[in-house]
Amino acid sequence: MLYLKGLVVELGGKTVIKGVDLQVNREELALLMGPNGSGKSTLLHAIVGDKRCRVVSGSLVFNGAELTSLTMEERVRLGLGLGFQFPPRLKGVRLRSLVLRILEKKGLSKDEAERVLEEYSRLLRLEGLLDKDFNVGFSGGEAKRAELMLTLLQNPLLLLLDEPDSGVDVENLALMGSAISRYLSSNGRAAILITHTGYIARHVKASEAHVMIDGRIVCSGDPEEMVSNIMEHGFEACVNCRRAKR
Amino acid sequence: MNLEEARRLLKPKAEKALAKPAPYGLDLSLSSFNLGTGFGTGVEGSEKILESVGIDLNERNRSGSYYQVDNKAVYSSTRQKGLTVKPLSQALKNPENLDYYWKALPVDTDKYTAAAFLGEKEGYFIKVDDGVNVDTPVQACLLLRTPGLIQAPHNIVVVGENSRLHVITGCAAMREEAGLHIGVSEFYVKKGGTLTFTMIHSWGKAIHVRPRTVAHVGENSVFISHYINTSQVSSLQTHPVAYLDGEGSRAYLSSIIIGRGASKIDVGGTLELDAPACSGEILSRTIGFDESTVIARARVTGKAPGVRGHVECRGLLLSNKSRIDAIPELEARVQDVQLTHEAAIGRIAEEELLYLVARGFTEEEARSIIVRGFLSVELTGLPENLAKYLEGILDSLASSL
């Protein structure tokens, strides 16, 4: 599904991604972990075509198509969907109307769209926010749930989730985890999920975990083992381990 | 006193003010226009444009109507007991109605009011008796057809004690030729009454627009005004003033102003919070396109204890050749008042555009979603289908930009 080879990305004149190889196949969920500032968000933004993230070299292939020359609009149309870590506030744009517009653009009839909206907002406990302006006055957890709902409703083939679990309480983590799992079990979807804390890892079934440090993927392996190691020893252990490898 | 005497007393004041410029807006030479009746005889052929300014010629969901073409009343109707909708000239045959004649707005306010008084021909008179709720709107249409004309309707709206009235006024021009519209409006909302006044303008690029409006808002009464200007104009300047004279009265003025082409627009509003425990809010959303200039003014004066006032001016600049000014003003005359304002002018945030494109929208769609969000003002106080209609107007406005 997604294949990165030697990817180097600049952001604001600085090289942030320094040669990343990564492969994610259908029905896989890859966890991407790493300390703050290691380049995880930049990587997801570069994949989806955020024009601020300039691909300097390397390739980015999605379902056989080279993405580097495509605009974000085109990439989204191909089936990439990014859930932002910090989605903006949209004053005057109600969550309900945003969802309905996304669904109508997906070709759903008005009635179908209303039905899907109701189902998902119940699933993610967002009913009370539908008539509020998007992200205006949302709590941290509410913003994360709303962002997940919008990303899932786009129905992407590859789901890119940027820290969906930060600031979310335990109960809602389970809710979000089950929504993500349910989504991935529907025919051949895949996901890359950035988690800083690893909390969400308890609620989804990941196929592989990767640790990114200073713009490079330094370690890949069994998600359960890696998450528990990192939770116990922190990324400091990864840094040291990486040095040891050299 | 009869009408003739009333006019005789006001005439010298008006004549003296004929050269008096307005404090704001492009100063126009009145001699370039004529103040005749105009040759317009009816609203035929203008159904579409009238629909775009909220006028339904089939009068569905309307409790009364008034249509004026140029300076001539062509139709009026009333469908509810206790509600009067008629041409001003007829209403003034009843001397009681002279109590409202040029009583809120001085004839010598500026050259435009003076000219409107001296050349006065027609306008609408809408009155609701005490204790009557008119829950479906009354519509008033002012259509400008004759090139070079000054259309100067003099409108009076009276809401009786503990009564309720919704008025929607749609103003439009049928031609691209020059013209001047001076709508003079006097509103009186009596004790416990509620008036919502919605006005939609769709003029032409050679039309100058100078509405003059004053409202008196009595004890525990409510005045709500929503103004939307969607079209290009040559120049537009208006600054309605509401005097909250009665204790506990409330006012809310919202305006949505789209500057297009070379339009020179100066739109404001003043709330005079004169009685204890009054409150009011002025809110504006302005968008600058092309080479337009848009000035949004708002002034709240607190003169009595316990009053609260708020001003919110927001501008969205969508062209580097356009200019938006936001000028909020607050004036407190006694200690126990609470007056606040916020003003902000910006462009569309790149971050928001990017986000919506990531959500699957094209850049144009993303832009229209953001603009529509920007135009969302609380359409407070309106009956449901009128609010829906206005939402629809804003939807199509945002998607056409």
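The values are calculated or read from the model by the stated rules, or taken from the named source; none is laboratory data. No experiment lies behind these values; they were computed from the predicted model shown. Counting neighbours? That spans all protein chains shown, and the Cβs are built from the backbone with ideal geometry, glycine included.
Some points to look at:
- Subset of segment A:94-132 (residues that are out of contact with any Asp or Glu (no Cβ under 8 Å at 6 or more places or on another chain), among the aliphatic types (A, V, I, L, M) and within 12 Å of chain B (Cβ to nearest Cβ)): A:L98, A:V99, A:I102
- Residue within segment A:165-180 that is in a strand (DSSP E or B) and either within 13 Å of the chain's Cα centre (by Cα) or in contact (Cβ under 8 Å) with a residue 40 or more places away in the chain (or both) present: no
Residue-by-condition table, conditions (1) over 25 Å from B:S231 (Cα atoms); (2) at the interface with chain A (Cβ under 10 Å from one of its Cβ atoms):
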| site | (1), (2) |
| --- | --- |
| B:I327 | no, no |
| B:T362 | yes, yes |
| B:G373 | no, yes |
| B:Y389 | no, no |
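- Each residue in segment B:351-360 was checked for being under 34 Å from the mean Cα position of the chain (by Cα) and more than 7 Å from chain A (Cβ to nearest Cβ), and 1 pass.
- Filtered residues of segment A:26-49 (kept if out of contact with any strand residue (DSSP E or B) (no Cβ under 6 Å at 6 or more places or on another chain), modelled with pLDDT under 95 and over 19 Å from A:D214 (Cα atoms)): A:E27
- Scanning segment A:191-223 for residues that are among the aliphatic types (A, V, I, L, M), more than 19 Å from A:N240 (Cα to Cα) and at pLDDT below 95 yields A:I200, A:A201, A:V204, A:A206.
- B:L318 touching a Phe, Trp or Tyr at 6+ places or on another chain (Cβ under 8 Å), surrounded by fewer than 22 Cβ atoms within 10 Å (Cβ to Cβ) and not assigned by TED's automatic domain parsing to the domain that holds B:L401: yes
- If you check B:D110, B:D99, B:D135 for being without any contact (Cβ under 8 Å) to a residue 40 or more places away in the chain, out of contact with any Gly (no Cβ under 8 Å at 6 or more places or on another chain) and either in the same structural domain as B:G183 (by TED's automatic domain parsing) or on the phi > 0 side of the Ramachandran plot (or both), only one passes: B:D99.
- Any hit, segment A:144-155, residues being closer than 29 Å to A:L60 by Cβ and not in a helix (DSSP H, G or I): yes
- Residue within segment B:290-301 that is crowded, with 24+ Cβ neighbours inside 10 Å and over 21 Å from B:T380 (Cα atoms) present: yes
- Subset of segment B:375-387 that is more than 19 Å from B:R314 (Cα to Cα) and of a type in the set (G, A, S) - its residue that is farthest from the other protein chains (Cβ to nearest Cβ): B:G381
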